[in-house]
Amino acid sequence: MAIILVAHDTAEPALYGAVAAAVAQERSASLTHLPAIFDTRRHADAVQHVAAIGALVPSGLVLAERLLGLDVGREAGLGDVLSLGRSGDVVVPWHASVAADRRAAEHLSEQAAASGMTVEHVTVVEENGGFRIPGHAAHPWRRDRFGRLTETQPSGLPLAPEARLRVGLVGAESDHRHVYPAALAALGDAGDAEGVGIDVRFVSPPGLRRQDVDAVLDEVDGLVLPGGSDMSNVPGQILMAAGALRRVTPVIGLCLGMQTMATAVAQKALGSNDANLAEADPSAPLKTFTPLCEDVWLPAHRLGEKTVRVAEGSKLREVLGAEARIRCNHRFRLNPELEPALGKAGLVISARDDTGRIADAIELAGHPFYCGMQGHPELTSRWDAPHPLIRAFVRACVDILRRCRSRSNDRD
């Protein structure tokens, strides 16, 4: 029985605990993590991974869950680590630059020694774009082009023109690669499962104009609107969602992405650009998403893994079945007062929570794929088990692309 401290000298949120999880996998050990503090002014989504138990933890821990197949749980105190160490080997990631207590490793070593436990120190070495673990795995761990951690050659299907799908992923590339890796990784999972190489085109939302949106949509076959806590991205996301409506481009929305998709429909249906998220614009005359706390029957913050009930006859029902489990992290919901007007515009509430008071998913009648979830399907996607909704989005993009190519060939 030992406590294995894996020191990795990086403050990159997307790598928090990732290589430590590789050590835990190799050693058949458990993994736990200490409190960490990130500069969220610089990296807004550094602590946006949702543990199933109901806690926000560093975003890089999604890579740990992908490797170990286990929920990482909430942060642990020194006493919790010692308790785990008494029953078996336990790996603890040690990122000194973001540690809430800079002396935590020293304290842990002292207390473990006093308890008669062994403490092993492992230092991650970064070289040639990979991560080597001295004395452990023979080959360095690397991230493939979707940010997924692998001990083999970086993967992802080839980008041959005839098997290539161009997907616009809204958000700065640096954010998706170095801060919140889940959405990019989930796209890779879905592409692999569908046998198509995905060429990701990153779309930074701040400052987007309508002509920029059309230029982007000219170059992609589908669009992903991700979640996120940076409200400065909202205007650009709404513009992209409106463009997907106008151009009939397949689009999937994840949490905030669902909110901006519903808002784009609301603006069109109500004929007013004044409709907006209360979180992004508290003074908006028409609020499309309002605080959960305004309903006494709902929690102020819905966090953790929840059950959603899927509407019969919806596209989502075909994908997820009658109910599904989804990781949630939100304080706002679709404004119930707008539901009748949105329904007349073709917006379908395709899933709700157990109480029926929260719209958990939307889709648009008559559109080939305009689907969003209030939760985070990307967090439970895995290399060999992509989330069904994200896979359905990729499949819809492929089907439309093939039909377009077939019509083009017929004209030739």
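Just so you know, all these numbers are worked out from the coordinates, no wet-lab data involved. As the structure is a prediction and not an experimental result, all values here were calculated from the model. A quick note on method: Cβ atoms are made from the backbone with ideal geometry, for glycine too, and the neighbour counts reach across all protein chains shown.
Rg/Rh for region 1-101 to two decimals, with Rh computed the Kirkwood way over all alpha-carbon pairs.
Radius of gyration over Kirkwood radius for region 1-101 works out to 0.94.
Can you work out the FRET efficiency for the pair Ala100 and Ala300, with r the C-beta to C-beta distance and R0 = 25 Å, to the nearest 0.05?
According to the calculation, E is roughly 0.55.
Could you work out [θ]222 nm for the chain from helices alone, using -39500 (n - 2.57) per DSSP H run of at least four and dividing by all its residues? Round to the nearest 500 deg cm²/dmol. Mind dumping the intermediate values first?
Numbers: 12 runs with 130 residues, N = 412.
Per the formula, -9500 deg cm²/dmol.
With +1 assigned to the C-beta of every Lys and Arg and -1 to the C-beta of every Asp and Glu, and no other charges, what is the dipole magnitude of the chain about the Cα centre in debye, to the nearest 20?
It works out to roughly 860 debye.
Extending each Cα 7 Å along its Cβ direction at Thr307 and Arg86, get the distance between those two points in nm, one decimal.
Taking the two extended label points, one gets 3.6 nm.
So for the chain: antiparallel DSSP bridges make up what percent, rounded to the nearest 5?
Among the beta bridges of the chain, antiparallel pairing accounts for roughly 50 percent.
So which lysines pass the test for Lys268, namely a Cα distance under 20 Å, with those fewer than 8 places away in the same chain ruled out?
Partners found: Lys287, Lys344.
How far is it, in nm, from the label point at Asp384 to the one at Glu323 when both lie 7 Å from their Cα along the line to the Cβ?
Roughly 2.9 nm, to one decimal.
At a Förster radius of 56 Å, what calculated FRET efficiency corresponds to the Cβ-Cβ distance of Thr118 and Val248, to the nearest 0.05?
Taking R0 as 56 Å, the efficiency between Thr118 and Val248 is 0.35.
Find, to one decimal place in angstroms, the Kirkwood hydrodynamic radius of the chain, where the mean of 1/r is taken over every pair of different Cα atoms and then inverted.
After inverting the mean inverse Cα-Cα distance, the result is 22.2 Å.
Just grab the label-to-label distance for Cys404 and Glu339, each label 7 Å out from Cα along the Cβ direction, in nm (one decimal).
3.5
For the chain, take the longest principal axis of its alpha carbons; what is the angle in degrees between that and the long axis of helix 104-114, to the nearest 10 within 0 to 90?
The angle comes out at about 40 degrees.
Once you have the Cα-Cα distance between His107 and Glu173, take 0.36 nm times their residue separation minus that, and quote the gain in nm to one decimal.
Between His107 and Glu173, full extension yields an extra 20.0 nm.
Between Glu26 and Arg164, how high is the FRET efficiency from 1/(1 + (r/R0)^6) when r is the Cβ-Cβ distance and R₀ = 41 Å? Nearest 0.05. Don't jump to the answer; show the numbers that get you there.
On the way: r = 35 Å, r/R0 = 0.85.
Plugging the Cβ-Cβ distance into 1/(1 + (r/R0)^6) gives 0.75.
Sorted from largest to smallest, which semi-axis lengths in Å does the alpha carbon gyration tensor of region 240-291 give for its equivalent ellipsoid, taking the root of 5 times each eigenvalue? Please report the intermediate quantities before stating the final value.
Working: eigenvalues 73, 35, 8 Å².
Ellipsoid semi-axes (Å, largest first): 19, 13, 6.
As a test of understanding, state the convex hull volume per residue of region 180-244 from its alpha carbons, in Å³. Don't jump to the answer; show the numbers that get you there.
Working: hull volume 5.5 nm³, N = 65.
Convex hull volume per residue, Cα atoms: 84 Å³.
For region 225-358, what Kirkwood radius comes out of the mean inverse Cα-Cα distance, in Å?
Value: 15.3 Å, from the Cα pair sum.
Among Leu34, Leu82, Gly17, which residue has its Cα positioned farthest towards the positive end of the charge dipole of region 2-143, with +1 placed on the Cβ of Lys and Arg, -1 on the Cβ of Asp and Glu, and the dipole taken about the Cα centre?
Gly17
Please report, in whole Å, how far the alpha carbons of region 44-107 spread along each principal axis, starting with the longest.
So the three principal-axis extents are 29, 27, 20 Å.
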